[in-house]
């Protein structure tokens, strides 16, 4: 997989770049001017230090350009590409002071997004033989959802809800407050905005049957055992889209898919993905 989905619109992530740079630079880098004269130019390469799925090239480039619009940034890898350790991802030429001022912020974005994409690809590869769909969740770092969900798409997952506004999901607390599965499902289906899917979380085979009989056609089977999943699939799998979630790991995701569910959602794609190891090296123009 070397093609990537569309990057989120700039307004969804540009403020994060500015915020991250303000956080890191404050009133200015006090170290670099002590050892690098003003006006010195050089070249740097950003490279992978481990095998990874590339993600966030445009974001890292934007960091360098935000620090200094005169920097020349050239991508040497594409989002969605698998690369090995040592592979160059970006080359940047221009003011050495600017390169070093942007370094950490650019690497923070790139390492985080490559980490999510790489971790997601492992789950996607595990599910590939089963035909089961991998989806993400809303368990994202506040403010970073657009980029993190972009990274899961780059890794091979599908986005579930972007927020509370683009899908109806009746969870356990909704069901309890509404008077039970049947009542909640009927109320939601009667009043849901046109075009919005209604999904309902169920905690037993009986709840699954009740939800479907009330009109639900999309169920979330959260923290159910594999035996429970198989039983629910046998009862209503031909009448509703079934999504399993909770406790999903690389070790058990294929077995969960083998129960016959149609989708598996994994919060860990965003809340527990380890950052990828990426680094910046000055490769020319560093002499005083």
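The values are calculated or read from the model by the stated rules, or taken from the named source; none is laboratory data. Being a predicted model, the structure only gives us computed values, none of them experimental. Positions of Cβ are generated from backbone atoms using ideal geometry, with glycine treated the same way; all protein chains shown enter the neighbour counts.
Points worth noting:
- When each of 127, 147 is tested for being closer than 23 Å to residue 14 by Cα and surrounded by 14 or more Cβ atoms within 10 Å (Cβ to Cβ), the lone residue that passes is 147.
- The residues in region 14-44 that are buried (at least 17 other Cβ atoms within 10 Å of the Cβ) and closer than 14 Å to residue 103 by Cα can be counted, and the count is 7.
- Residue in region 146-164 that is in a helix (DSSP H, G or I) and modelled with pLDDT under 95 present: no
- Condition check for residue 178: over 31 Å from the mean Cα position of the chain (by Cα) and surrounded by 16 or more Cβ atoms within 10 Å (Cβ to Cβ): yes
- Of the helices (runs of 4 or more DSSP H) lying entirely inside region 13-125, those containing at least 3 residues that are touching a residue at least 40 places away in the same chain (Cβ under 8 Å) and closer than 24 Å to residue 273 by Cβ are 14-25, 57-67.
- Residue match in region 211-229 (condition: loosely packed, with under 14 Cβ neighbours inside 10 Å and touching a helix residue (DSSP H, G or I) at 6+ places or on another chain (Cβ under 8 Å)): yes
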